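S.K.: Here it is: the structure, laid out below.
The values are calculated or read from the model by the stated rules, or taken from the named source; none is laboratory data. What you are looking at is a predicted structure, and each value in this text was computed from that prediction instead of being measured. FYI the Cβ positions are ideal-geometry reconstructions off the backbone, even for glycines, and counts take in every protein chain you see.
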Ligand SMILES: Cc1cc2nc3c(=O)[nH]c(=O)nc-3n(C[C@H](O)[C@H](O)[C@H](O)COP(=O)(O)O)c2cc1C
């Protein structure tokens with residue numbers, strides 16, 4: 001089964017999980033990169049990131065063209081931003097109009113908003129089959145536990 005893990009990560013938490021998931025099931029992996037860089041420090045990070053979600057921004061992706069249709073399963077990973085998914089994921093969804101795929105979702109967050117984030121993601125991706133979703137609370141703070149959790153989830157997805 002061919003699987004793609006596609007994710008955005010500002011601080012490395014979602015990246016940490018994406019790498020574990022991709023490694024566990026030998027999936028291809030793409031990190032979404034934007035031409036506009038979000039601040040990574042302090043108040044600015046929350047302000048500009050939050051504003052970007054609220055204004056429905058779709059920052060320009062600088063990745064090479066993504067051949068999503070080659071894959072049977074697409075695993076999408078995002079940090080929760082303001083109770084939603086991060087704007088680069090919005091760009092990805094808008095640019096590629098994915099349909100007819102098995103989709104699994106994962107999110108990193110600081111303690112809340114994953115449910116809302118997942119339900120918004122599902123709404124934004126009509127015409128796909130959602131097979132699983134899982135969230136992680138600041139996974140880099142607990143790397144061993146979360147790495148195991150990510151690997152187990154990935155194995156169950158591959159069945
Ligand atoms: C702009 C912004 C908004 C956020 N909003 C939420 C939120 O609504 N709920 C939450 O639990 N965490 C929120 N967080 C925290 C991140 O989801 C959390 O730190 C996550 O692990 C970051 O993932 P990353 O390291 O892959 O970027 C927010 C962080 C940023 C930068």
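S.K.: Is it fair to say residue 52 is crowded, with 16+ Cβ neighbours inside 10 Å, assigned to a helix (DSSP H, G or I) and near the ligand (Cβ under 8 Å from one of its atoms)?
M.R.: Against the criterion (crowded, with 16+ Cβ neighbours inside 10 Å, assigned to a helix (DSSP H, G or I) and near the ligand (Cβ under 8 Å from one of its atoms)), residue 52 qualifies.
S.K.: Moving on. Just checking, which of 23, 41, 64, 31 is under 11 Å from the mean Cα position of the chain (by Cα) and surrounded by fewer than 17 Cβ atoms within 10 Å (Cβ to Cβ)?
M.R.: Sole residue among the options that is under 11 Å from the mean Cα position of the chain (by Cα) and surrounded by fewer than 17 Cβ atoms within 10 Å (Cβ to Cβ): 31.
S.K.: Go through segment 7-32 and give me each residue that's within 13 Å of the ligand (Cβ to nearest atom) and not in a helix (DSSP H, G or I).
M.R.: 7, 8, 9, 10, 11, 12, 31, 32
S.K.: Let me ask another. Which residue pairs have Cβ atoms under 9 Å apart, sit 6 or more places apart or on different chains, and have a first residue in segment 103-119 that is more than 14 Å from residue 139 (Cα to Cα) and near the ligand (Cβ under 6 Å from one of its atoms) and a second that is modelled with pLDDT of 95 or more and part of a loop (DSSP other than H, G, I, E, B)?
M.R.: 113/82; 113/83
S.K.: How many of the residues in segment 132-142 are surrounded by 12 or more Cβ atoms within 10 Å (Cβ to Cβ) and part of a helix (DSSP H, G or I)?
M.R.: 2
S.K.: For the condition touching a strand residue (DSSP E or B) at 6+ places or on another chain (Cβ under 6 Å), modelled with pLDDT of 95 or more, surrounded by 18 or more Cβ atoms within 10 Å (Cβ to Cβ) and assigned to a loop (DSSP other than H, G, I, E, B), what is the one hit in 88, 59, 79?
M.R.: 59
S.K.: Given the residues 158, 124, which is the only one that is touching a strand residue (DSSP E or B) at 6+ places or on another chain (Cβ under 9 Å) and closer than 21 Å to residue 56 by Cβ?
M.R.: After ruling out the rest, the residue left standing is 124.
S.K.: Now, a different point. Restricting attention to segment 116-131, which residues are within 13 Å of the chain's Cα centre (by Cα) and in a strand (DSSP E or B)?
M.R.: Matches in segment 116-131: none.
S.K.: Answer yes if at least one residue in segment 131-141 is touching a helix residue (DSSP H, G or I) at 6+ places or on another chain (Cβ under 7 Å), more than 21 Å from residue 3 (Cβ to Cβ) and within 15 Å of the ligand (Cβ to nearest atom), and no otherwise.
M.R.: Yes - at least one qualifying residue is present in segment 131-141.
S.K.: Given the structure, is residue 95 outside any loop (DSSP other than H, G, I, E, B) and more than 16 Å from the ligand (Cβ to nearest atom)?
M.R.: So residue 95 fits the description; yes.
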